[in-house]
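The values are calculated or read from the model by the stated rules, or taken from the named source; none is laboratory data. Computed from a predicted model, the values in this text were never measured in an experiment. Note that each Cβ is placed from the backbone with ideal geometry, even for glycine, and that neighbours are counted across all protein chains shown. Calculation scope for accessible area: heavy atoms of the full protein, side chains included, ligands and nucleic acids excluded. Shrake-Rupley method; radii C 1.70, N 1.55, O 1.52, S 1.80 Å.
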Amino acid sequence: MGKSFLALDVGSGSIKAIIAEESKDGRVLIRAGLEKPSKGLRRGVVVDMESASAQIISMLRSVKDISKDAHKNIFLGVGGVDVKSRISEGSTAVSRANSEIHKDDIARAVQASLAVSLPSNRMILHTLKQEFIVDGIGDIQDPLGMVGTKLEVVSYIIDAFGPAVKNLQKCVELAGGSISAMIFNPLASAFAVLTQNQKELGVVLADIGHSTTGIAVYEEGKLLHTVMLPIGAGHVTNDLAIALKIPVESAEKIKLRYGDAIAKLTPARENIDLKEINPKLEGTISRRFVAEVIESRLSELCELINEELKKIGKTARLPGGVVLVGGGAKHPGMLELFRAELKLTSQIGFPSPSLFEAESGAMGEYLESQEFACALGLSLWERDITPKPATNSYKEKIVKLFRNFMP
């Protein structure tokens with residue numbers, strides 16, 4: 001058995017954990033999945049250190065009952081609406097007389113792209129190489145071994161508010177965990193769910209959490225845009241509690257049991273007996289009214305997504321459509337609503353079975369759960385499944401290719 005590791009998705013509504021290890025065939029072996037209520041976070045940011053730490057301590061205790069060392073190798077998801085992204089470019093002169101590009105040339109170009117001016121309280125989470133440009137010829141994914149005099153790189157940089165990230169990191173460390181990497185949540189979800197074909201065509205992933213929704217937009221295999229929006233499934237519940245004048249807990253039950261995303265598809269005369277939800281409540285409410293409240297908030301979320309797509313000129317222009325994941329993507333009518341509002345094909349996203357292996361039949365349920373998409377994506381960071389630059393030079397590749405055709 002390989003070394004165990006832990007994918008930890010600390011959200012505002014719940015904490016999800018995946019205990020995994022690399023399997024013999026290179027996939028990620030899912031040994032266990034856990035979920036516990038979350039406390040002390042709001043919109044993905046720690047607002048009560050003591051409460052947040054206590055819940056993470058409880059989670060890690062459960063983890064240790066299953067694996068003795070997984071908590072020593074944690075891949076931690078980072079959310080929060082204060083995460084920002086930007087394009088940065090860097091360039092360097094190719095150093096060798098024969099103009100062949102080597103690893104050190106690539107490293108210098110990438111390092112130059114990191115020279116961005118950030119406030120002292122912000123930190124870089126990810127630097128993703130979008131394309132290389134060799135002597136003005138762009139859209140190059142790997143320039144190693146090519147010939148040119150000038151190498152440029154276009155990088156996509158994701159940065160976060162440092163204190164917020166460090167507070168979450170401190171909560172995990174106070175609970176006895178050791179963090180190996182921190183990953184922006186929408187990227188993790190996209191990593192687990194989106195296919196390469198979808199990323200090539202152009203697609204937007206929307207991960208609807210408790211108090212935020214993370215989106216990631218891809219086209220031609222590149223990340224074009226990512227952001228956290230300040231609306232989640234918890235806002236729908238709060239709207240119902242206010243509109244129906246009932247406790248939040250009862251509103252959540254109504255949402256999950258009777259909620260629809262499109263009001264006109266809900267029978268107008270169908271009522272809900274509140275006593276079936278909570279014996280202390282009296283009266284009935286219209287199921288269509290419940291749907292109207294839900295549809296109103298989800299339509300607002302779609303408007304925010306459309307605004308982000310408009311910023312990058314991709315409104316209704318992504319052939320791969322919108323892929324929905326997260327606990328907030330469960331309502332009947334969700335796909336129809338998003339299809340109408342975003343003018344894109346829509347589907348529920350599920351983790352790719354080609355990337356994972358379940359240790360037992362019970363673990364298979366996590367591979368069929370859009371709620372665990374982020375946690376499963378975090379577990380993929382333990383594996384290096386991104387293409388590595390070839391070690392052979394371009395000339396060596398050509399020689400090897402010709403040798404394959406020689407007798």
Pulled fully out, how much extra length does the chain show between residue 123 and residue 345, if you take 0.36 nm times their separation in residues and subtract their Cα-Cα distance? 76.4 nm
Region 180-322: D in µm²/s via Stokes-Einstein (Kirkwood Rh, Cα pairs, 25 °C, 0.890 mPa s)? 146
Long-range HN-HN contacts of residue 184 with modeled amide H, under 5 Å: 78
Among the aspartates and glutamates, which fall within straight-line cross-link reach of residue 264, defined as a Cα-Cα distance under 17 Å, with same-chain neighbours fewer than 8 residues apart omitted? 292, 295, 336, 341
On the principal axes of its Cα set, how long, how wide and how thick is region 253-353? Give whole Å, largest value first. 50, 31, 20
For Cα pairs less than 8 Å apart in space and 6+ apart in sequence, what is the mean separation divided by the residue count of region 40-166, i.e. the relative contact order in percent? 29
Between the modelled labels at residue 178 and residue 111 (7 Å from Cα along Cα→Cβ) the distance in nm is 2.9
For the pair residue 88 and residue 104, how long in nm is the line joining their label points, each one 7 Å along Cα→Cβ? 2.3
Take the chain, connect every pair of alpha-carbon atoms lying under 10 Å apart with a spring to form a Gaussian network, then pick out the residue of 263, 243, 181 with the largest mean-square fluctuation. 243
Tensor-based shape of region 152-216 (alpha-carbon gyration tensor, a/c under 1.5 rounded, otherwise prolate or oblate): prolate
Going down the table (103/150; 24/72; 255/330; 36/64), which pairs top 19 Å between alpha carbons? 24/72
So which residue, out of 84, 166, 103, gets the largest mean-square fluctuation from a GNM of the chain using Cα contacts under 10 Å as springs? 103
Return the Cα extents of region 62-164 along principal axes one, two and three, sorted largest first, each rounded to a whole Å. 58, 33, 21
Per the Kirkwood definition applied to all pairs of different Cα atoms, how many angstroms is the hydrodynamic radius of the chain? 23.1
For the chain, modelled as a Gaussian network with Cα springs under 10 Å, which listed residue fluctuates most, 297, 43, 269? 269
Return one whole number: the accessible area per residue of the chain in Å², for a 1.4 Å probe. 47
For residue 216, what charge total do you get from the other residues with a beta carbon under 13 Å from its beta carbon, if Lys and Arg give +1 and Asp and Glu give -1? 0
Would you work out the Kirkwood radius for region 191-245? I mean one over the mean of 1/r across all pairs of different Cα atoms, in Å. 12.5
Amide H neighbours of residue 358 at under 5 Å, excluding residues fewer than 5 places away on the same chain, with H built from the backbone geometry, are 30
Collect residues whose amide H, placed 1.01 Å from N in the peptide plane, falls under 5 Å from the amide H of residue 231; neighbours closer than 5 in sequence don't count. 213
May I ask you to give the percent of accessible area on the chain that is carbon plus sulfur, with a probe radius of 1.4 Å? 51
Run down the aspartates and glutamates and flag those whose C-alpha is under 14 Å from the C-alpha of residue 253, throwing out any fewer than 8 positions away in its chain. 239, 273, 276
So what is the calculated 222 nm ellipticity per residue for the chain, using -39500 (n - 2.57) for each DSSP H run with n of 4 or more, over all residues, to the nearest 500 deg cm²/dmol? -10000 deg cm²/dmol
Cβ-Cβ cut-off under 14 Å around residue 137, Lys and Arg +1, Asp and Glu -1: the net charge is -4
Cleavage-rule hits, GluC sites (Glu not before Pro), region 274-370, DSSP coil, Cβ neighbours within 10 Å at most 11: 282
What span do the alpha-carbon atoms of region 1-131 cover on each of the three principal axes, reported in whole Å from largest to smallest? 59, 41, 19
With only alpha-carbon pairs counted, each pair once and no self-pairs, how large is the Kirkwood hydrodynamic radius of region 125-166 in angstroms? 11.9
Compute the normalised compactness of region 299-357: alpha-carbon radius of gyration over 2.2 N^0.38 Å, N being the residue count. 1.22
